[in-house]
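Q: Please find one structure pasted underneath; my questions will follow.
The values are calculated or read from the model by the stated rules, or taken from the named source; none is laboratory data. Please read these numbers as outputs of a predicted model, since none were measured by experiment. A quick note on method: Cβ atoms are made from the backbone with ideal geometry, for glycine too, and the neighbour counts reach across all protein chains shown. These area figures cover heavy atoms from the full protein model, side chains too; ligands, DNA and RNA do not enter into them. Shrake-Rupley method; radii C 1.70, N 1.55, O 1.52, S 1.80 Å.
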Amino acid sequence: MSELSTNHVIGIKDLTAEDIHLIFETAENFKEVINRPIKKVPSLRDITVANLFFENSTRTRISFELAEKRLSADVVNFSASSSSVKKGETLLDTVNNILSMKVDMVVMRHPAPGAPKYLSQLIDANVINAGDGTHEHPTQALLDAFSMREQLGDLTGKKIAIFGDILHSRVALSNIFCLQKLGAYVKVCGPPTLIPKYIHRLGVGVEYDVRKTLEWCDVANILRIQLERQDIKYFPSLREYSQYFGINKKLLDSLDKEIVIMHPGPINRGVEITSDVADSEHSIILQQVENGVAVRMAILFLLAAKR
Ligand code: CP
């Protein structure tokens, strides 16, 4: 297969396993390119990409901008906090104004689940979801799985545990969909209040004991507690969360095995993960960030090829 089955990347749910493998193969080539002294290729010359961020971001935003610039695209950055959204302009009016300036592709982060899907049904540009509320964060899941493959090879039959605030996490949902399409086993682990009731319907295992889950898994993907999305108290205190669900070096050292440690960021050091784990030789957190650029270059390139 040489082209994606879709014109937009809204969620992993809409991608086929073939799409995911094509993105990985293309990303491997781009990873080689961005490690050369001259990191730029002309693949997206004459393509204009708008990065529309209605919610805060460090990694995803910089990663997309770098990916676009390394492909020689023209790049427009929009941040809701400094825009006319603050004066009451609607999402569609904002986007139509930007598109009338001849934008070909839109990368969008929005706090409302479904906002990128809504947009993709109304505009001609290709839309890439950079995280929509608690729904999906497809490019994060793709860079996570790409990074796991670098460590473990084919993910078929590999055991991946996702720890933490599953209830509020778009990364968890996209990871589950992506890893299952690649044949991996997925288990989630966290306080019962932060595990959604529908989780069994997704075909993943559920465990509330961190040690047992670590004993089971090849990879621990550790998520942060999303306090900004929590309107009620889901656990007594961060100190107690850290005590029962935090992952520290003493705990890992007490297991007779090596586990790949991952975190999508931003990290809350000392809450879900201690610094001696986040910065250990088992951690691939910064490789995830590096791979994010190559994976996003691959997605932009493959979508542009369909125009
Ligand atoms: N992983 C991730 O989405 O990080 P940002 O919120 O900084 O983009």
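Q: Given the condition charged (D, E, K, R) and either open to solvent by 60 Å² or more (accessible area, probe 1.4 Å) or without any contact (Cβ under 8 Å) to a residue 12 or more places away in the chain (or both), answer yes or no: does some residue in the range 178-196 qualify?
A: Scanning the range 178-196, I find at least one residue that is charged (D, E, K, R) and either open to solvent by 60 Å² or more (accessible area, probe 1.4 Å) or without any contact (Cβ under 8 Å) to a residue 12 or more places away in the chain (or both), so the answer is yes.
Q: Taking into account only those residues within the range 277-307 that are part of a loop (DSSP other than H, G, I, E, B) and touching a residue at least 60 places away in the same chain (Cβ under 8 Å), which is least open to solvent (accessible area, probe 1.4 Å)?
A: For the range 277-307, the residue satisfying everything is Ile284.
Q: Out of everything in the range 11-42 that is within 24 Å of Asp124 (Cα to Cα) and either in a helix (DSSP H, G or I) or touching a Gly at 6+ places or on another chain (Cβ under 9 Å) (or both), what residue ends up being most open to solvent (accessible area, probe 1.4 Å)?
A: It comes out as Lys13.
Q: Go through the residues of the range 84-103 one by one and say whether even a single one is open to solvent by 10 Å² or more (accessible area, probe 1.4 Å), within 13 Å of the ligand (Cβ to nearest atom) and farther than 24 Å from Val293 by Cβ.
A: The answer is no, given that none of the residues of the range 84-103 is open to solvent by 10 Å² or more (accessible area, probe 1.4 Å), within 13 Å of the ligand (Cβ to nearest atom) and farther than 24 Å from Val293 by Cβ.
Q: Within the bounds of the range 256-276, is there any residue that is open to solvent by 20 Å² or more (accessible area, probe 1.4 Å), assigned to a strand (DSSP E or B) and farther than 30 Å from Leu4 by Cβ?
A: Yes: the range 256-276 contains one or more residues that are open to solvent by 20 Å² or more (accessible area, probe 1.4 Å), assigned to a strand (DSSP E or B) and farther than 30 Å from Leu4 by Cβ.
Q: Restricting to the range 161-175, name every residue that is within 16 Å of the ligand (Cβ to nearest atom) and open to solvent by less than 10 Å² (accessible area, probe 1.4 Å).
A: Ile162, Phe163, Gly164, Asp165, Ile166, Ser169, Ala172, Ser174, Asn175
Q: Return the residues of the range 40-56 that are within 16 Å of the ligand (Cβ to nearest atom) and either in contact with a strand residue (DSSP E or B) (Cβ under 7 Å, 6 or more places away or on another chain) or outside the structural domain of Asp124 (by TED's automatic domain parsing) (or both); say none if nothing qualifies.
A: Asn51, Leu52, Phe53, Phe54, Glu55 - these are the residues of the range 40-56 that are within 16 Å of the ligand (Cβ to nearest atom) and either in contact with a strand residue (DSSP E or B) (Cβ under 7 Å, 6 or more places away or on another chain) or outside the structural domain of Asp124 (by TED's automatic domain parsing) (or both).
Q: Still on this model: Within the range 138-160, how many residues turn out to be under 18 Å from Trp216 (Cβ atoms) and buried (at least 24 other Cβ atoms within 10 Å of the Cβ)?
A: Residues flagged as under 18 Å from Trp216 (Cβ atoms) and buried (at least 24 other Cβ atoms within 10 Å of the Cβ) within the range 138-160 amount to 2.
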